[in-house]
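The values are calculated or read from the model by the stated rules, or taken from the named source; none is laboratory data. From a predicted model like this one, the values you see are computed outputs, not experimental measurements. Cβ placement follows ideal geometry from the backbone for every residue including glycine, while neighbour counts extend to all protein chains displayed. Only protein heavy atoms, including side chains, enter the accessible area calculation; ligands, DNA and RNA are left aside. Shrake-Rupley method; radii C 1.70, N 1.55, O 1.52, S 1.80 Å.
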Amino acid sequence: MEAVHGVESLAGGDGRHHVSRTLGTALLISVGYIDLGKWVAAVDAGARFGYDLVLLVLFFNFSAVLNQYLSTCIGMVTGKNLAEISSQEYSQFICVGLGLQAGMSLFTSELTMILGIAVGYNLVFDVDDFITSIIFACVVINVLPYLLSPRDKRMAGTLNACIAGFTILCFVLGLLISQPEIPLHVNVMFPKLSGESAYSLMALMGANIMSHNFYVHSSIVQVQRAHVHTLGALFHDHLFSILFTFTGVFLVNYVLLSSAAAESSHNVIHTFHDAVELMNEIFTSSMAPLVLLAVLLFSSHIIALTSVIASHVVTEHFFGANLSLVAHHVLLKLLSMIPAIYSAKVAGSEGVYQLIILCPVIQAFTLPSSVIPVFRIASSSWIMGNYRVSLRVEILASLAFCLTLFINIIFAAEILFGDSDWTNSLKGNTETPVLIPHTVLILMSCASIAFALFLAVTPLKSSSREAETQELSVHSQREAPDEIQRS
């Protein structure tokens with residue numbers, strides 16, 4: 001897996017211009033937000049609720065930018081990745097919980113990638129055989145990292161950054177060109193939170209913020225500490241790069257949501273074929289399915305590399321398992337194949353569609369507890385020293401945590417006591433196939449909220465040492481005048 005080492009060497013280049021290194025890493029991370037699950041979540045939300053959720057999508061995007069930026073700061077200042085520091089600052093029980101949630105985020109990301117390529121394959125070749133398309137997807141995403149991996153690490157890193165940039169540029173421009181009549185300005189409405197929109201909100205939140213990417217970003221940039229003496233300028237370059245790339249991600253989600261809202265008056269998504277028809281109206285060009293498949297294939301290559309990095313640091317520091325990079329790559333794909341083939345075999349195209357939307361919802365379960373270590377570590381003067389974040393940034397991070405927790409609580413309340421359409425679908429009261437039992441989703445939702453609340457009241461281990469240091473400093477300052485008077 002030379003490509004993985006190439007990704008890591010990309011951030012530690014010798015170039016004088018910081019942007020040449022920061023933009024490449026931001027592009028690699030942002031490609032993880034380009035898969036069919038994210039697009040379907042935006043299209044489904046736009047078709048059901050129009051422009052009501054646009055402002056919340058913007059908030060989700062800001063939260064992703066903030067957490068990715070804090071993760072880069074942690075990696076550069078400490079020279080360690082987020083998982084390594086968390087394993088030193090939390091108990092074994094908490095580390096296992098964080099590791100399981102990161103693994104769940106990784107697993108669902110790989111699953112949506114496979115299902116997205118399978119759907120693209122079916123659209124391009126006009127077939128309805130999901131088993132064959134899933135096998136095709138698994139073969140391609142296992143082979144691509146080896147075909148697109150030069151021996152030279154620096155060349156591999158540069159090539160992967162170019163592929164990531166080309167993929168994002170093609171999709172953003174292609175989507176804008178295919179939507180000439182969609183306005184760039186709409187009357188943004190204040191978000192209308194309700195039990196009916198809770199499922200779409202969870203899907204949108206999981207599509208816009210991915211917890212395992214925090215570990216990836218901190219791991220990639222940690223080598224930059226040894227090459228730069230002043231980190232202030234590098235922080236600004238990383239912030240600019242993250243804002244630049246995630247603006248493109250938000251633009252994609254906004255156009256998809258707006259397009260679906262514009263067509264929602266005569267298109268209501270009930271089945272997979274409804275979603276395909278709506279997507280065909282959004283992507284007006286006849287070449288759209290082919291471009292869609294190409295974008296998904298290139299993005300799957302980058303996602304495979306970043307997933308290996310995340311899997312490696314999570315299993316090593318949270319579970320103490322040190323597997324080879326090839327083992328991480330193969331295991332992730334094999335584990336993702338099982339539910340993909342099962343859903344296609346048992347429920348056909350409808351099962352695949354429901355699983356594509358369900359994956360971002362599961363990713364949203366992991367967010368409240370995953371953002372806590374990020375802003376706790378970034379605001380610790382013991383760990384970050386003079387580079388700890390300011391009080392304003394700490395408040396923004398706390399608000400981002402409250403937003404993710406609040407939406408999870410709304411979802412849990414609705415799935416427990418509500419009677420909305422999506423709740424009845426998950427209970428099996430409609431013709432929609434049930435892939436995950438209703439009880440399992442309730443347990444996952446309640447467990448994630450309980451774990452987040454427990455983590456919120458659990459301080460870092462270093463915070464006690466920091467308090468002791470401050471106490472000794474105050475004590476020594478009080479003793480100094482007494483000694484002077486005695487002398």
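Points worth noting:
- Cβ-Cβ distances below 7 Å connect the following pairs, each with a first residue in the range 455-470 that is among the charged types (D, E, K, R), a second residue that is modelled with pLDDT of 65 or more and open to solvent by 50 Å² or more (accessible area, probe 1.4 Å), and a separation of six or more residues or different chains: 465/382; 466/382.
- Every condition in (1) without any contact (Cβ under 8 Å) to a residue 40 or more places away in the chain; (2) surrounded by 15 or more Cβ atoms within 10 Å (Cβ to Cβ) is met by residue 414 except one, and the failing one is (1).
Yes/no per residue for (1) crowded, with 18+ Cβ neighbours inside 10 Å; (2) modelled with pLDDT of 80 or more:
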{"position": "162", "(1), (2)": "no, yes"}
{"position": "178", "(1), (2)": "no, no"}
{"position": "187", "(1), (2)": "no, no"}
{"position": "202", "(1), (2)": "yes, yes"}
{"position": "206", "(1), (2)": "yes, yes"}
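- Residue within the range 270-278 that is small (Gly, Ala, Ser), open to solvent by less than 20 Å² (accessible area, probe 1.4 Å) and at pLDDT 75 or above present: no
- Any hit, the range 117-135, residues being under 23 Å from residue 390 (Cα atoms) and touching a Phe, Trp or Tyr at 6+ places or on another chain (Cβ under 6 Å): no
- Selection of first residues in the range 94-120 that are at positive phi and of second residues that are open to solvent by 10 Å² or more (accessible area, probe 1.4 Å), restricted to Cβ pairs under 8 Å at least 6 apart or on distinct chains, gives an empty result.
- Some residue of the range 86-93 being open to solvent by less than 10 Å² (accessible area, probe 1.4 Å), assigned to a helix (DSSP H, G or I) and among the hydrophobic types (A, V, I, L, M, F, W, C): no
- Qualifying residue in the range 411-422 (condition: at pLDDT 90 or above and hydroxyl-bearing (Ser, Thr, Tyr)): no
For (1) hydroxyl-bearing (Ser, Thr, Tyr); (2) open to solvent by less than 30 Å² (accessible area, probe 1.4 Å); (3) at pLDDT 85 or above; (4) not in a helix (DSSP H, G or I), each residue gets a yes or a no:
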position: 293; (1), (2), (3), (4): no, yes, no, no
position: 298; (1), (2), (3), (4): no, no, no, no
position: 306; (1), (2), (3), (4): yes, yes, yes, no
position: 313; (1), (2), (3), (4): no, yes, yes, no
position: 320; (1), (2), (3), (4): no, no, yes, yes
position: 344; (1), (2), (3), (4): no, yes, yes, no
position: 348; (1), (2), (3), (4): no, yes, no, no
position: 371; (1), (2), (3), (4): no, yes, yes, no
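- Here the range 434-462 is the region considered, the condition is being touching an Asp or Glu at 6+ places or on another chain (Cβ under 9 Å) and open to solvent by less than 40 Å² (accessible area, probe 1.4 Å), and the residue that is modelled with the lowest pLDDT is 462.
- Test: residue 35 is surrounded by fewer than 24 Cβ atoms within 10 Å (Cβ to Cβ) and modelled with pLDDT under 80: no
- Per this entry, residue 247 is counted among residues that are open to solvent by 60 Å² or more (accessible area, probe 1.4 Å) and at pLDDT 85 or above.
- Selected residue (only one of 390, 448 is over 22 Å from residue 193 (Cβ atoms) and among the small types (Gly, Ala, Ser)): 390
- Taking the criterion of being part of a helix (DSSP H, G or I) and touching a residue at least 24 places away in the same chain (Cβ under 8 Å), the residues of the range 123-132 that qualify are 123, 124, 130, 131.
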